[in-house]
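For reference, the structure is listed below as structure tokens.
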Amino acid sequence: MYDFSEPIEDEIIANNTAGMSDEQKGKFLTEYYGKRRNPWVNFILTMSTGAFGIHKFYQGKKNQGFWYLGITLFGILFYLVFTIVILPQVLFSSLSNLESLESFEEIGRMGFGALSGMGALAGWMIVAALPFLILGIMILIDICTFKAAVKASNTELAKTINAKK
């Protein structure tokens with residue numbers, strides 16, 4: 001059977017149980033193993049629900065979790081406003097400009113003024129994608145640092161348990 005304990009945990013336990021009696025060490029280990037965070041659970045949460053910040057809540061970092069959740073909800077809201085309100089207006093105005101032209105020669109005379117709404121559309125598309133781009137970068141960083149993040153959470157947990165005693 002595979003041993004899921006990490007060498008990182010051995011270091012945390014050794015640092016926080018030095019000088020304890022066997023009884024104190026047993027109580028510490030019972031509480032620590034009951035509340036510790038598993039790096040692989042964190043990894044799975046990051047991969048599956050990272051956009052909603054569930055992995056940050058799991059690590060005990062509520063403020064960061066709310067930031068992830070807020071960026072995701074803002075991005076979804078902005079995307080919906082973009083697709084329901086802005087996109088139809090820009091496309092309608094661009095199509096009406098094209099329909100009013102009698103030939104493609106007029107487009108040449110006007111420059112691309114007849115298609116000016118399309119430039120605005122591209123700009124709005126970039127703005128709508130920006131929250132998701134930022135979120136994607138944050139999640140990639142979390143995927144690369146998931147073990148270190150869990151180690152920091154578990155170290156803080158061990159210090160909290162020691163402070164109670």
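The values are calculated or read from the model by the stated rules, or taken from the named source; none is laboratory data. All of these numbers come straight from a predicted model, not from anything done at the bench. Backbone-built Cβ (ideal geometry, glycine too); neighbour counts: all protein chains shown.
Structure values in brief
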quantity	calculated
Residue match in segment 84-92 (condition: within 22 Å of the chain's Cα centre (by Cα) and at pLDDT 75 or above)	no
Enumeration of residues in segment 106-127 that are in contact with a helix residue (DSSP H, G or I) (Cβ under 7 Å, 6 or more places away or on another chain) and either of a type outside the set (A, V, I, L, M, F, W, C) or modelled with pLDDT of 80 or more (or both)	117
Qualifying residue in segment 25-39 (condition: under 15 Å from residue 132 (Cα atoms) and either at pLDDT below 90 or touching a helix residue (DSSP H, G or I) at 6+ places or on another chain (Cβ under 6 Å) (or both))	no
Scan of segment 144-165 for residues that are surrounded by 13 or more Cβ atoms within 10 Å (Cβ to Cβ) and over 25 Å from residue 25 (Cα atoms), ordered by number	145, 146
